[in-house]
Amino acid sequence: MKILVVDDEALVGWTIARQLTQAGYDVSVAACGGDALDISLCCALDLVVLDLNLPDMAGRDVLRELRARDPGLPVLILSGDLPPAEMLDRFGIGADAVLTKPFRGNDLVARIRAILPRSHGRPGGHLCRGGRA
C-alpha cells in the first residue's frame, strides 16, 4: 500500500513516514502542495495524509486537485486542535478522516487501517516511475 504524507514540518513528515513504514506501508513524503501533486501524477496512491498548512498553496486546494484526479482516493487530514464546527468543515471539503495534532502513532495507523479497506478495489491512478517517488 502506497501512502503519501504531506506536511511542511520536515520532522513531523519523516516521523510519520517512519511510523507508517514500520507498520508495513510504502511511504513517500512531500513538504509542499506542489510536490504532493507531482507525486500523485507519477504514483498510484492508496491514501494521502495531508496537513492543510502548506507553504506554497492551501491544503484545501491540494485536496481539491487530488479529488479531481482520483475521486476515490482516501485522504486523512492532519490538523491542529479544532472546535467541533471546524472539524465538520474538514469533512465538508472532502476528508475521509481527521486527526488532530498532537497524536500518537498508533492512532494514525489505526485510522489508516480503518480507511483503507473501504477504498479497496477503487479505480487506481498512475504507475510509479522508478523506485522512489
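The values are calculated or read from the model by the stated rules, or taken from the named source; none is laboratory data. Only a predicted model underlies this, so the values are computations on that prediction, with no experimental measurement involved. Positions of Cβ are backbone-derived with ideal geometry, glycine not excepted, and every protein chain shown enters the neighbour counts.
Could you list, ordered by first residue, the pairs with Cβ atoms under 6 Å in which the first is in segment 27-38 and touching a residue at least 40 places away in the same chain (Cβ under 8 Å) and the second is part of a loop (DSSP other than H, G, I, E, B) and hydrophobic (A, V, I, L, M, F, W, C), at least 6 apart or interchain?
SER28/ALA133
Which residues, counting only those in segment 66-95, are exposed (fewer than 15 other Cβ atoms within 10 Å of the Cβ) and either touching a Gly at 6+ places or on another chain (Cβ under 6 Å) or at pLDDT 90 or above (or both)?
The answer is ARG67, ALA68, ARG69, PRO71, GLY72.
Only residues that are aliphatic (A, V, I, L, M) and over 18 Å from GLU9 (Cα atoms): list them for segment 40-62, please.
LEU41, ALA44, LEU45, LEU47
Any residue at all in segment 42-52 that is at pLDDT below 90 and surrounded by 15 or more Cβ atoms within 10 Å (Cβ to Cβ)?
Yes, some residue in segment 42-52 is at pLDDT below 90 and surrounded by 15 or more Cβ atoms within 10 Å (Cβ to Cβ).
Can you find a residue in segment 19-26 that is aliphatic (A, V, I, L, M), under 17 Å from LEU99 (Cβ atoms), modelled with pLDDT of 95 or more and assigned to a helix (DSSP H, G or I)?
yes
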